[in-house]
Amino acid sequence: MIIFNFETDFSLDKSDFIGNWVVNSIEKEDYKEGEINYIFCNDEYLLELNVKHLNHNELTDIISFDYTLGRLISGDIFISIDRVKENALKFKTSFNDELLRVMIHGVLHFCGYKDKAKEEKIIMRKKEDYYLSLRDF
């Protein structure tokens, strides 16, 4: 089950389509959908989580907490709408494209993909691009 939560003044257009897209992406990775909570928030909210849980005193666009068991994907994905807006401008892309990239990025982490090393980042970006190309909304 994909659940969308809002801790800031933001609403998600086409949430049914996005939820189905996420589930289809999970299945293409040979995993099953468990419970995934997307929590949309602002910079302040996410910074507080970053400091409290990860000891990082810096802004970020996403923090994910992975509760995956075996092939059953579950977790909480916190996304700063402020960071997504700023990154969309920085990377010269639309807000919606950047938001979907960050959303699938979190799920890919739950599927075992990493992005610390250069090679891992390249693989992660290719996977993000692939799943973005499959959306039909």
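Only residues that are more than 10 Å from PHE110 (Cβ to Cβ) and of a type in the set (Ser, Thr, Tyr) were counted across the stretch 25-41, and they come to 2.
In the set (1) touching a helix residue (DSSP H, G or I) at 6+ places or on another chain (Cβ under 6 Å); (2) within 20 Å of ILE18 (Cα to Cα); (3) surrounded by 13 or more Cβ atoms within 10 Å (Cβ to Cβ), the condition left unmet by ASN37 is number (1). Considering only residues in the stretch 89-106 that are among the aliphatic types (A, V, I, L, M) and free of Cβ contacts under 8 Å to residues at least 40 places away in the same chain, the one that is farthest from ILE73 (Cα to Cα) turns out to be LEU89.
Coordinate-derived values only; no laboratory data. This one's a predicted model, so the numbers in the text were calculated from it and none came from an experiment. A quick note on method: Cβ atoms are made from the backbone with ideal geometry, for glycine too, and the neighbour counts reach across all protein chains shown.
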